[in-house]
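The values are calculated or read from the model by the stated rules, or taken from the named source; none is laboratory data. Keep in mind that this is a model prediction, so the values were computed, not measured. Ideal geometry is used to build each Cβ from the backbone, glycine not excepted, and the neighbour counts take in all protein chains shown.
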Amino acid sequence: MWHNNIGVQGFNVGGYLLGNPSAGRPAAKAVLRLLEEGKLDIPLTVLPFNYAPEAHRRMDAKDITGRIVLRHEF
C-alpha cells in the first residue's frame, strides 16, 4: 500500500447514528434513491431463509462482498 499510494478507509455508521439518530431516515432515503437511479452498485447475495447458518458462516469467514439478504418464501 505504501509504495502504490493506496489507502483504505472505513466508516462505522452505527456509532454515528447513536449520537445522531435523526440522521438515519434521510440518509437511507438518499441511498435508496441512488440505488433506484442505478448510481450505486452494491453486490447482493440472496439466500433462502433456512440458509441463515451459511450466511453467518460466510460473514464470519469474511467470504462475502456486499450484502447478504435472507428471503423467506411464504
Name the residue that is farthest from the chain's Cα centre (by Cα), counting only residues in segment 56-74 that are assigned to a loop (DSSP other than H, G, I, E, B) and surrounded by 10 or more Cβ atoms within 10 Å (Cβ to Cβ). ILE64
Any residue at all in segment 41-55 that's of a type outside the set (A, V, I, L, M, F, W, C), assigned to a loop (DSSP other than H, G, I, E, B) and either at pLDDT below 90 or in contact with a Lys or Arg (Cβ under 9 Å, 6 or more places away or on another chain) (or both)? yes
Taking interchain pairs and intrachain pairs at least six residues apart, which have beta carbon atoms under 6 angstrom, with the first residue in segment 61-74 and under 17 Å from LEU35 (Cα atoms) and the second surrounded by 10 or more Cβ atoms within 10 Å (Cβ to Cβ) and not β-branched (Val, Ile, Thr)? GLY66/LEU44; ARG67/LEU44; ILE68/ALA55
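Considering only residues that are part of a loop (DSSP other than H, G, I, E, B) and of a type in the set (Gly, Ala, Ser), look in segment 1-24 and name the one that is nearest to the chain's Cα centre (by Cα). Break it down stepwise before answering.
So the first thing to find is which residues in segment 1-24 are part of a loop (DSSP other than H, G, I, E, B), and the list is 1-12, 20.
Next, from what is left, pick out any that are of a type in the set (Gly, Ala, Ser): 7, 10.
Details: GLY7: 20, GLY10: 12 Å.
Only one residue fits best here, namely GLY10.
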